[in-house]
């Protein structure tokens with residue numbers, strides 16, 4: 001047995017000091033840690049999120065709906081700073097007992113409806129507006145195939161590869177090798193699919209693309225984990241084509257700015273309450289002073 005091999009204890013106990021970059025917010029229990037209500041704006045949809053890949057899925061969807069002429073899809077996007085523990089506020093736990101972003105209150109009907117888990121939010125909005133998901137038939141099934149493929153695959157990219165390659169307190173070869181192999185297999189799955197069709201569901205741009213692009217598109221574009229060379233992402237030519245095709249959509253460019261708090265300040269919009277926010281934002285607004 002290798003000298004540094006880990007022998008699991010008979011009963012696991014939580015070591016707060018052994019969680020890597022996110023040790024301060026990860027814990028083995030659920031529920032609220034503090035009482036704080038969520039803010040509520042004027043629009044039918046109240047989104048509470050951060051511009052992680054999962055958060056970007058939903059802001060892209062809202063911006064695509066608005067671009068397609070669905071005026072009733074206006075939304076307020078409130079910042080949930082997971083690094084500061086906002087997801088453990090009582091108001092947020094009410095909308096998502098799992099304390100993960102994104103989460104949505106749909107107030108367009110007689111009673112507010114909570115929607116959590118990014119895939120569920122995408123389906124809820126697609127069905128509500130009859131957009132970006134075929135209504136029936138093989139095309140709908142194929143789009144849902146790829147939506148659920150993403151929901152099952154992305155944790156291997158993020159919580160698996162991303163954690164051990166970029167965020168763990170030390171770099172260990174076994175988990176990095178194991179998850180790098182899986183991510184490359186996933187990229188190969190996508191590349192072969194996109195050699196056959198324009199979009200993941202087929203000829204139509206759907207919520208399957210909106211769900212997948214923030215994870216694998218950002219990886220290909222060098223915006224995730226600084227791992228592009230390590231994973232040889234340039235070799236996946238069909239994924240590259242699809243990535244750039246979606247990146248060029250105006251709604252996608254807007255969507256990835258919303259609730260973003262890192263990177264180029266000119267590409268950040270901490271909160272979004274009106275379409276004009278993209279044009280009228282100022283440095284004071286971006287820095288939280290306005």
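Miscellaneous remarks
- Across the range 168-184, a minimum of one residue is classified as under 23 Å from residue 244 (Cβ atoms) and in a helix (DSSP H, G or I).
- Filter result for residue 252 (buried (at least 18 other Cβ atoms within 10 Å of the Cβ), touching a strand residue (DSSP E or B) at 6+ places or on another chain (Cβ under 7 Å) and on the phi < 0 side of the Ramachandran plot): no
- Among (1) in contact with a helix residue (DSSP H, G or I) (Cβ under 7 Å, 6 or more places away or on another chain); (2) closer than 20 Å to residue 108 by Cβ; (3) part of a loop (DSSP other than H, G, I, E, B) - the single one residue 37 does not satisfy: (2)
- Applying the condition of being touching a residue at least 40 places away in the same chain (Cβ under 8 Å) and in contact with a helix residue (DSSP H, G or I) (Cβ under 7 Å, 6 or more places away or on another chain) to the range 164-177 and asking which residue is farthest from residue 226 (Cα to Cα) yields 169.
- Wholly enclosed helices (runs of 4 or more DSSP H) of the range 189-290 bearing at least 1 residues farther than 22 Å from residue 118 by Cβ: 228-231, 237-247, 277-280, 283-286
- Checklist (1) out of contact with any strand residue (DSSP E or B) (no Cβ under 8 Å at 6 or more places or on another chain); (2) loosely packed, with under 11 Cβ neighbours inside 10 Å applied to residue 35, failing item: (1)
Since every read-out is calculated from the coordinates, none of them should be taken as a lab result. Worth saying up front: this structure is predicted, and the values here are computed from it rather than measured. With ideal geometry, Cβ positions are generated from the backbone for all residues, glycine too; neighbour counts draw on all protein chains shown.
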